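The values are calculated or read from the model by the stated rules, or taken from the named source; none is laboratory data. For clarity, every value in this text was computed on a predicted model and none was experimentally measured. No Cβ is skipped: glycine too gets one built from the backbone with ideal geometry, and neighbour counts run over all protein chains shown.
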Amino acid sequence: MANTILVGAQWGDEGKGKIIDFLTERAEIVVRSQGGNNAGHTVIVGGTKYVLHLIPSGILRPGTKCVIGNGVVLDPVAVAGEIEGLRAKGVSVTPDNLLISDAAHLVLPYHRKLDEAREIAKGSGKIGTTKRGIGPAYGDKISRVGLRVADLLNPSVFAEKLAARISENNAILSTFGIEPLTFENVLSEGLSAAELLKPFIGNTVVFLHEAVRAKKEMLFEGAQGTFLDIDHGTYPYVTSSNTTAGGACTGSGVPPHRIDRVLGVMKAYTTRVGEGPFPTEDAPISDMLHGMGREFGSTTGRARRCGWFDAVAVRYAGMINGIDDLAVTNLDGLDSLATIKVCTHYRLNGRLLETPPMDYTQLASCEPVYTELPGWQTPTEDIREWANLPKNAQTYLLKIAEWSGARLIIASVGPNREQTILL
Ligand code: GDP
Ligand code: IMO
Ligand code: MG
């Protein structure tokens, strides 16, 4: 395997965690470069389920080094809790297998409060955020008033910067009618997380450059998905980072010419959690998948909205990310259907569109144009070889890859590591 950026090609929750876990049999380093603990990456190994929020999914493979890069926004209390939770399950998390960038920005309690307050104030126009404080934390970063991981290493500097931020944020929170935060509480919570995190913190850019020189194989673990990207997604119904391939370079300090390929992960159908336009959303498909106990959010537990596969969206994801290869997950979710619809175009005001409009009001008005493919009506969860997949399942996978404009290399038929078909 070469240095690979793995991105979600849809609206998040494509099954990135499962595919990363599968690929880390070979990758030596796994890097998170954007997002925060809004992510929820599910990995099931040996019957145990892990949901990773900030720590790269490679942590479950002994010998794999994990890096939380500068582009991530890190809630120190949440990451400390995640480390302790993994250790309680017997996973080794030490400075030998986890490094945290000193340049990553911190998510602090006022970010979470502000995230929630703004959502409530928006009423029916809300984004449907995870309320993890992601937007306000990136807002502070861009406004150059954020606190960074390095600040945790110096208690007096941390206290001084925190006091100023709490004072300003308490004033803002009061306009929403929210109780002020107590400086001492936030400080002591932050410093106690800092004690646990200290040994993990360092300059991850230098580490990654040495790894590049030593020709170690790297996997960049994208969080969220292409259409949640702050620039290319369905703005404002997006997250606050660059979830697309370019974000992996700025968020890690690894230069673009050291990347060898981009792998897009997508479900065999489409899901979205939170508000915003979703052209192929379909109530019967949602009911069917929820009835199977599937498609409930890994971070917030919310029911995900579900719909047919949208090749218009994924084709566009291919352009932005430069997707070379595709991994399709959750094929087994479609096992029972007699006929499966795939959206190949949108229709807007009588015109056929090959690419999604960037204005979300126009996207919301797009009507999907479907092609129907025959289903296979056979369970696929126990199949491990491409040749043993039902012919109609093979055709479905090859067609959606062709319409998406990239090469199919992996098909996933269940959440477990071994339920994976390599082409
Ligand atoms: P991520 O955020 O992209 O890592 O995806 P999530 O973990 O949030 O959501 C994907 C869900 O699908 C999780 O519950 C996975 O365990 C599950 N999953 C992944 N691949 C498959 C698959 O091929 N079949 C089934 N049945 N479940 C899968
Ligand atoms: P993974 O990495 C799916 C969505 C939220 C909301 C919007 C903004 O597991 O695929 P935020 O809290 O980021 O400000 O919320 O983005 N969202 C995700 N949806 N998967 C995710 O991550 C998501 N992270 C954020 O539901 O619509
Ligand atoms: Mg997820």
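For the reader, a short list of remarks on this structure follows.
- Being in contact with a strand residue (DSSP E or B) (Cβ under 6 Å, 6 or more places away or on another chain) and surrounded by fewer than 16 Cβ atoms within 10 Å (Cβ to Cβ) holds for only one residue in ALA245, ALA283, ALA303, ALA311, and it is ALA303.
- Among (1) out of contact with any Ser or Thr (no Cβ under 9 Å at 6 or more places or on another chain); (2) over 15 Å from ILE400 (Cβ atoms); (3) assigned to a strand (DSSP E or B); (4) not polar (S, T, N, Q) - the single one ILE340 does not satisfy: (2)
- Listed by first and then second residue, the pairs with beta-carbon distance under 9 Å, at least 6 apart or on different chains, first residue in segment 371-383 and touching a residue at least 12 places away in the same chain (Cβ under 8 Å), second among the small types (Gly, Ala, Ser) and more than 16 Å from ligand 1 (Cβ to nearest atom), are THR371/ALA311; PRO374/ALA338; GLY375/ALA338; GLN377/ALA338.
- Segment 11-31 - residue that is assigned to a loop (DSSP other than H, G, I, E, B) and more than 16 Å from ASN242 (Cβ to Cβ) and, of those, nearest to ligand 3 (Cβ to nearest atom): ASP13
- Residue list for segment 52-77, filter: in contact (Cβ under 8 Å) with a residue 40 or more places away in the chain, touching a His at 6+ places or on another chain (Cβ under 7 Å) and either farther than 21 Å from ALA150 by Cβ or not in a strand (DSSP E or B) (or both): SER57
A quick yes/no check of all residues on (1) touching a Leu at 6+ places or on another chain (Cβ under 6 Å); (2) among the charged types (D, E, K, R); (3) under 25 Å from PHE22 (Cβ atoms); (4) modelled with pLDDT of 95 or more:
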site: LYS341; (1), (2), (3), (4): no, yes, no, yes
site: ARG347; (1), (2), (3), (4): no, yes, no, yes
site: VAL369; (1), (2), (3), (4): no, no, no, yes
site: LEU373; (1), (2), (3), (4): no, no, no, yes
site: GLN377; (1), (2), (3), (4): no, no, no, yes
site: TRP386; (1), (2), (3), (4): yes, no, yes, yes
site: ALA411; (1), (2), (3), (4): yes, no, yes, yes
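- Among the residues examined, THR42 qualifies as under 23 Å from PHE227 (Cα atoms), within 13 Å of ligand 3 (Cβ to nearest atom) and either among the hydroxyl-bearing types (Ser, Thr, Tyr) or assigned by TED's automatic domain parsing to the domain that holds THR271 (or both).
- With respect to (1) out of contact with any strand residue (DSSP E or B) (no Cβ under 8 Å at 6 or more places or on another chain); (2) more than 16 Å from ligand 2 (Cβ to nearest atom), the lone exception for ARG347 is condition (1).
- Selection from segment 16-47 of residues that are surrounded by fewer than 24 Cβ atoms within 10 Å (Cβ to Cβ) and within 12 Å of ligand 1 (Cβ to nearest atom): PHE22, GLY40, THR42, ILE44, VAL45
- Against the criterion of being under 23 Å from the mean Cα position of the chain (by Cα), more than 16 Å from ligand 1 (Cβ to nearest atom) and not hydrophobic (A, V, I, L, M, F, W, C), TYR370 does not qualify.
- From ALA193, ALA171, ALA164, ALA223, residue being part of a helix (DSSP H, G or I), at pLDDT 95 or above and surrounded by 16 or more Cβ atoms within 10 Å (Cβ to Cβ): ALA193
- Of all residues in segment 157-203, those satisfying the criterion of being farther than 21 Å from GLU84 by Cβ and of a type in the set (Ser, Thr, Tyr) are SER167, SER174, THR175, THR182.
- Just one residue in the set VAL342, VAL262, VAL314, VAL254 is within 16 Å of ligand 2 (Cβ to nearest atom), in contact (Cβ under 8 Å) with a residue 12 or more places away in the chain and not aromatic (Phe, Trp, Tyr); that residue is VAL314.
- Hits in segment 226-251 (condition: over 18 Å from MET358 (Cα atoms) and outside any helix (DSSP H, G or I)): ALA245, GLY251
- In segment 269-307, the residues that are over 27 Å from HIS53 (Cα atoms) and part of a loop (DSSP other than H, G, I, E, B): PRO279, THR280, ASP282
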